[in-house]
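Below: one structure, written as structure tokens.
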Amino acid sequence: MQFKPIGNTKLSDYRRFGLFIVPQGPFFDHGSAWLGWDSAVGAEVAHPEMDVLPMPAAQLTKRPRKYGFHGTIKPPFALAKGATQQALEVGLARHCRQFSVISIPKLSIRRIGGFFAIVPAAPCPDLKAFAAKTVQGMDEFRAPADDTELARRRKNGLSPRQEEMLQRWGYPYVMNEFKFHMTLTGPVSRADANSVEAALQSYFNPVLPEPFVIDALALMGEGADGKVHVIGRYDLA
């Protein structure tokens, strides 16, 4: 098995699961400190002190904090009826063995729809294909989204294609709508955007890996505390 449990957590401790890209090393440490949540150890961490920010980092990162530093591949889902811990573990290990390591030559910090994120500097077809095949290949373990979840996803408006993805896969931004990103902030006003971007560049540029190598997929779980934790990592072949 390629399952690498972290801590003393069990799948039964979590109400939803997701498949995320979670880096390791200084890049992860910087991202976790920025957000104030280390998903690998399941603990809050101190935000960096940055006088150049227009507001405290804790305020900027309030919305994405609970997820920790990550990039989503298959969005959070409840287990399907009849799905078990063992089946999910075996299925994910088998799935990951089908794929080679993915290399992204360069990452950059960009503002997307009002929030800032770290994204590939150029399109990465291999990553997009991996995400699509993971959404599809692991979907047998996902319970259908309920009406409350569907309404929440539709709140900000969806295109016809996004609505189609929502109904089929439980999330609107998958397949052709997928854009890999590692969220850094909640919404940032235009007035504050330049100063926030400059601060993020100064903080993250020294640790942005070149290339960014994706060699594992993390199984994540949403705990009773509302925070998302790393449960284990599965190596790509």
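The values are calculated or read from the model by the stated rules, or taken from the named source; none is laboratory data. Computed from a predicted structure; not experimentally measured. For neighbour counting, all protein chains shown are included, and Cβ atoms are generated from backbone atoms with ideal geometry for every residue, glycine included. In case anyone asks, the SASA skips ligands and DNA or RNA and just uses the protein heavy atoms, side chains included. Shrake-Rupley method; radii C 1.70, N 1.55, O 1.52, S 1.80 Å.
Which ones in the range 95-111 are touching a strand residue (DSSP E or B) at 6+ places or on another chain (Cβ under 7 Å) and assigned to a strand (DSSP E or B)?
Selection gives Ile102, Ser103, Ile104, Leu107, Ser108, Ile109, Arg110.
What residue, among those in the range 14-57 that are part of a strand (DSSP E or B) and acidic (Asp, Glu), is nearest to Leu79 (Cα to Cα)?
Asp38
Quick one: would you say Pro209 is surrounded by 13 or more Cβ atoms within 10 Å (Cβ to Cβ) and over 17 Å from the mean Cα position of the chain (by Cα)?
Answer is yes for this residue.
Condition first: closer than 21 Å to Arg153 by Cβ and either hydroxyl-bearing (Ser, Thr, Tyr) or free of Cβ contacts under 8 Å to residues at least 12 places away in the same chain (or both). Can you find one or more residues in the range 67-74 that meet it?
Yes, some residue in the range 67-74 is closer than 21 Å to Arg153 by Cβ and either hydroxyl-bearing (Ser, Thr, Tyr) or free of Cβ contacts under 8 Å to residues at least 12 places away in the same chain (or both).
Take Phe130 and tell me if it is part of a loop (DSSP other than H, G, I, E, B) and under 20 Å from Ile214 (Cα atoms).
Answer is no for this residue.
Being open to solvent by 10 Å² or more (accessible area, probe 1.4 Å) and either at pLDDT below 95 or closer than 18 Å to Arg65 by Cβ (or both) narrows it down to one of Ala237, Ala199, so name that one.
Ala237
Condition check ((1) aromatic (Phe, Trp, Tyr); (2) in contact with a helix residue (DSSP H, G or I) (Cβ under 9 Å, 6 or more places away or on another chain); (3) open to solvent by 30 Å² or more (accessible area, probe 1.4 Å); (4) part of a helix (DSSP H, G or I)) across all residues:
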residue	(1), (2), (3), (4)
Arg153	no, yes, yes, yes
Leu158	no, yes, yes, no
Glu163	no, yes, yes, yes
Pro172	no, yes, no, no
Thr185	no, yes, no, no
Tyr203	yes, yes, yes, yes
Gly221	no, yes, no, no
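Out of Asp126, Asp147, Asp139, which single residue is open to solvent by 50 Å² or more (accessible area, probe 1.4 Å), under 18 Å from the mean Cα position of the chain (by Cα) and among the acidic types (Asp, Glu)?
None of the others qualify; the one that does is Asp126.
State whether one or more residues within the range 136-144 are touching a His at 6+ places or on another chain (Cβ under 6 Å) and free of Cβ contacts under 8 Å to residues at least 60 places away in the same chain.
There is at least one residue in the range 136-144 that is touching a His at 6+ places or on another chain (Cβ under 6 Å) and free of Cβ contacts under 8 Å to residues at least 60 places away in the same chain.
What do you reckon, is Lys66 of a type outside the set (Val, Ile, Thr) and either part of a loop (DSSP other than H, G, I, E, B) or surrounded by fewer than 21 Cβ atoms within 10 Å (Cβ to Cβ) (or both)?
yes
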